[in-house]
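Colleague: What follows is a structure written as structure tokens; I'll ask about it next.
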Amino acid sequence: MRSTNPVLRRQTFENQAVSGERMTMNGTVMKTALLLVLAVITGAWTWHHFTATLTAAMAQMPLDMTPAQAQSAVISQALGAVTPFMLGGIVVGLVLTFVMMFKPRWGGIVAPVYALAEGLALGGISAVMNLKYPNVVLQAVMLTAGVLAVMLIAYRSGWIRVTDKFRMAVVAGTGAIMLLYLVEIGLHAFTSVSIPFINGSGVIGIGFSLLVVGLAAMNLALDFDMIEQNTTRGAPKYMEWYGAFALMVTLVWLYLEILRLLAKTRR
């Protein structure tokens, strides 16, 4: 049993003492829903802050500026207003991921704070993307929710069975994608070279994004399987927060990849 999700490690579940109430799949799903609501709340706040700053900046632009100059200045000002919250959310999210990996008992506190932090980051990213591609965020949210619902129904009904071959294929594919992203980040940091199909909007670029979205969706099945296996083993009740946290990690990745895919189709 394994999952590509860095949080869902079998050893973490095995090392927990069992006493009192046990972990359930339904409890984990409900806690995941709560985390999603928290992320939406802070995401909406960041979005509102971005649009409010944008509106105020437009009203204060000098009349002697060209439309292109005014647009660039307004967007830069609005982006500067939300960047601290976006970066703060990303950093806090990364730190809490490591905390959760080693301190699962703190899940009832760490998971909600993580969701709030990720909401700040995603709200800023979404506001910027929606400004460039109107209505793309609504489409991405609906598609992400749809993929989650379909994968959950398919898994619970037995339409998708997580066999060893299925697991190995998803783990290998996800590892390759993560390695490719790390190479892309390194190239951007130290050179002017980039990998065209990662950000390209051509047929190959869109096909690559479709592949990544598919892998992210398949990771949900691995997460469900890991959680279900450990509910069967009788993991303690507080591990529901741990499982919900892990699902949030996958859902954040899925949403960002769908957003990237939709943006490519608009170019």
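The values are calculated or read from the model by the stated rules, or taken from the named source; none is laboratory data. If you're wondering where the values come from, they're calculated on a predicted model, not measured in any experiment. Counting neighbours? That spans all protein chains shown, and the Cβs are built from the backbone with ideal geometry, glycine included. Side chains included, ligands, DNA and RNA excluded: accessible areas come from the protein's heavy atoms. Shrake-Rupley method; radii C 1.70, N 1.55, O 1.52, S 1.80 Å.
Colleague: Look through the stretch 200-209, keep the residues that are touching a residue at least 12 places away in the same chain (Cβ under 8 Å) and part of a loop (DSSP other than H, G, I, E, B), and return whichever of them is nearest to Met178 (Cα to Cα). It would help to see each step written out before you state the result.
Modeller: Kept after step one, since they are touching a residue at least 12 places away in the same chain (Cβ under 8 Å), are these residues of the stretch 200-209: 200-201, 205-206, 209.
Restricting the remaining residues to those that are part of a loop (DSSP other than H, G, I, E, B) gives 200-201.
Numbers: Gly200: 18, Ser201: 20 Å.
Filtering the stretch 200-209 for residues that are touching a residue at least 12 places away in the same chain (Cβ under 8 Å) and part of a loop (DSSP other than H, G, I, E, B), the one nearest to Met178 (Cα to Cα) comes out as Gly200.
Colleague: Would you point out which residue out of Thr250, Thr265, Thr174, Thr231 is more than 18 Å from the chain's Cα centre (by Cα), closer than 24 Å to Ile125 by Cβ and in contact (Cβ under 8 Å) with a residue 40 or more places away in the chain? Show your work before the answer.
Modeller: Numbers: Thr250 fails: more than 18 Å from the chain's Cα centre (by Cα); Thr174 fails: more than 18 Å from the chain's Cα centre (by Cα); Thr231 fails: closer than 24 Å to Ile125 by Cβ.
Result of the check over Thr250, Thr265, Thr174, Thr231: Thr265.
So that you can scan it fast, the table gives a plain yes or no per residue for (1) of a type in the set (Val, Ile, Thr); (2) modelled with pLDDT of 90 or more:
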{"position": "Val212", "(1), (2)": "yes, yes"}
{"position": "Met218", "(1), (2)": "no, yes"}
{"position": "Asp223", "(1), (2)": "no, yes"}
{"position": "Met226", "(1), (2)": "no, no"}
{"position": "Asn230", "(1), (2)": "no, no"}
{"position": "Arg233", "(1), (2)": "no, no"}
{"position": "Tyr238", "(1), (2)": "no, no"}
{"position": "Ala246", "(1), (2)": "no, yes"}
{"position": "Thr250", "(1), (2)": "yes, yes"}
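Colleague: Hey, among the residues in the stretch 210-263 that are among the small types (Gly, Ala, Ser) and part of a helix (DSSP H, G or I), which one's nearest to Leu35 (Cα to Cα)?
Modeller: Initially, the stretch 210-263 is screened for residues among the small types (Gly, Ala, Ser), giving 214, 216-217, 221, 234-235, 243-244, 246, 263.
Those left that are additionally part of a helix (DSSP H, G or I): 214, 216-217, 221, 243-244, 246, 263.
Values: Gly214: 23, Ala216: 19, Ala217: 19, Ala221: 19, Gly243: 11, Ala244: 8, Ala246: 11, Ala263: 26 Å.
Among residues in the stretch 210-263 that are among the small types (Gly, Ala, Ser) and part of a helix (DSSP H, G or I), the one nearest to Leu35 (Cα to Cα) is Ala244.
Colleague: Only one residue in Leu187, Leu220, Leu179, Leu211 is open to solvent by less than 30 Å² (accessible area, probe 1.4 Å) and not acidic (Asp, Glu). Which one?
Modeller: Numbers: Leu187 fails: open to solvent by less than 30 Å² (accessible area, probe 1.4 Å); Leu179 fails: open to solvent by less than 30 Å² (accessible area, probe 1.4 Å); Leu211 fails: open to solvent by less than 30 Å² (accessible area, probe 1.4 Å).
The unique qualifying residue is Leu220.
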